[in-house]
Each structure stands twice: as structure tokens, then as C-alpha cells.
Amino acid sequence: MERELVAVNLGFAHASNNFLIAALLIYSVAVLAFAGDYAFGRPRRATANVSALATAPAEAQLATVGSGTRSGVAANTVATNTVGTDAVAETSGDKEAPMPSAPALSDAAALPARREGAFRAIWAAGPWVRSAVVLSAVGMLAHLIAVVTRGLAVHRAPWGNMYEFITALTCVAAIFFGYLVVRYRAWTLGVFVMGAVVLALGLAETLIYTPAGPLVPALQSYWLSIHVTAMTLATGIFFVAAVLGIMYLVAERYRARVAAGKAQPGNGLIARIPSAAQLDKLTYRTVVFGFPVWTFGVIAGAIWADQAWGRYWGWDPVETWAFITWVIYAAYLHARATAGWRGARAHYIQLFGFVSLVTNMLVVQVFITGMHSYAGVN
């Protein structure tokens, strides 16, 4: 076809590789800076937020996902006023016990209110957070340039093989994390979310790197820019939701152990991350954001299949697995909206959905013969 005759622009291809390696290195340093805030950052900013958080609605309290306190007394005051009541509200109707207030989660609740400007809150959070957020932003820019220049090099949407798909979805995940930082002050999640991005991007660069080249014939359609774009965006968002879900299960397990007397309250790491109730809300809202995009991607894929193969649905392995993933995420949203299935059980469903998504991406599309194919993975 005509697209196969278009030569790859080697200059853009080399630029894409260089920017992607630069993004990986910058992200790695950003993760170290986020970790430095855990290790060396001091508690901060609760005193100025006690009255604001006490009177703020639940929506504003959810936005407080970013820093600690300037005094232990203030931290305990905010934890009592916000986390305890928030956790009870979240678990009402569930059989799980409510979360303890101050002892186990101390600074996790003492987070900057969203009514304060995002950039001012980041600046006030301390040098480690400032450095980590700036590095993450620079890395996102380099990552985005890498994806764009890859597209310019191959004269098409830059997600035509598994390597390109993973580099694009990790870019979406990083940008979506930046959105969480600005909207919900969620920089305490950085070491986990950006750490997962670094791991995925590192595996893509080392294990499944694919040189710039033309598409396989089945993918040479303008629907690539519609269907695969939607699936890439949704996968990047679900990637962030999976990290948040794992963090929730860790925080909830610690809460349960403290309540059972099997662990001592005051774990430093747990105290610095958002509370389980806040993580539960963030995970749910992240999935709610990504689910319609995934739904649109599945529908667009069916339209593309009709144009390419003369049928909307043919039970191809990739089609079937994408639908299974859609059903699992729909089950999570239904379970999360039902009082009896909130908490850990709903999160297990969400994580099972992400496992299904990854299985489709790394196993079904690579090892099972079907109409779909990601070329270049040897």
C-alpha cells in the first residue's frame, strides 16, 4: 500500500529514541525526589488548613492528598476531624470496620485544601516535592515529544506496535498523574505511580524495543487514530487506577492489622500516603474517567472490524478479551456503587480488570493467533 512506500524519517526516529531515554532518566530522578520527601521531608501545613478542612465539603476534603503538618498536634486534630469521619462515611453499609482516626494515619489526612492554588501548595510542600514535580513535568514534556516525533518519523499515529503502544500509554499515565497532582494535590502518590511508569517504560526500552517502520496491512487505516487512540488513553488511565488500587489494599490491610492488634499504629510510610478512604475515592473516580473511553474504543474497534473484515464482531481473541475487560470494569463500577461491595472486595475486581487488560496486551495479542497483530515483538 502507499503508506508502506513512505520512507521512515530517520532524523525524527533518532530524536524520538533520545527524548524517550531522556524522559526515562528524568522520571527516575523524579522518583528519587518523591522518595526523598518520604525519607527527609518534614511534616507541614496543617495549621493553616485545619479550619478550611473542618468546614469543607467531602469534595474539597478529597483534594487534600499532598502533604503533612507543621506540628504533631495539628496533624492529630486534622486526622480526627477529616479522616475518621471520611472513613466511616465511606464504609457505612459495608461489613468492614471503620478506619481508626489519628494514630495509624497521622499526617495522611493533614493535606492542603484545594481552595489553595495548586502551584502555591506545591511550593509550600517543600524542596523535595518541588523538585519531584518539576522533574516529572520536564519528563512528561520529553516523553510527549518522543511520542510525537515517533509519529512524525513513521508518518502515522505512533501506536502501531507493542513498543509504541506501551510508550504512549505510559505517557498518558504520567500526564494523568500530573492532573491528579494539580487537582487533588496527590504528589504523595508520585513514588508509586511514577515508579510504575519508569518500570513499564524501562521494560519497553529494553525487552520489546521495535525500530520505526511501516504498519502491518491490517492496521493501515484511519481508524487506527480513533480506535487505538481511545484504547491507549483508557489503558494509561487504568494503569494509574491499578497503582492506586494496590496502594489502597496495602493501607487497608495495615488498618485491619492495627484494629486486630497485630501491628503497631504509626507506620511512617502509611502515615505519609493518603488514607484508604481517599485512595478509594481517587481509584473510583479514575476508573469512572477511563471507562467511557474504553467503551468508545471497543465500539470504534467494532466499526473498524466491519470496514476491514465485513463484520462488527467475530469473536477474535483480542476482541473477546477486550469485551471481558469491559465487563470486569463495569462490574467494579457496579460493585463500588453498591454499599455491600465497597472496600477491598471492589478493589480486587478493579485489579482483576487490569490483569485482564495486561493479559490481552502482552499474551493474547502476542502469542495467540488472530486477526489482530502487533508486529515487531520478537
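The values are calculated or read from the model by the stated rules, or taken from the named source; none is laboratory data. Keep in mind that this is a model prediction, so the values were computed, not measured. We work out accessible area using only protein heavy atoms, side chains counted, and drop any ligands, DNA or RNA first. Shrake-Rupley method; radii C 1.70, N 1.55, O 1.52, S 1.80 Å.
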### Message
With a 1.4 Å probe and all protein chains kept in place, how do 222, 179 rank by accessible area, largest first?
### Response
222, 179
### Which of 203, 135 is most accessible, then next, and so on - probe 1.4 Å
203, 135
## Note on the structure
By accessible area (1.4 Å), largest first, 164, 205 order as 205, 164
### Residue-level accessible surface for residue 364, protein heavy atoms, 1.4 Å, Å²
0
### Query
What accessible area, in Å² to the nearest ten, does a 1.4 Å probe give for residue 320?
30
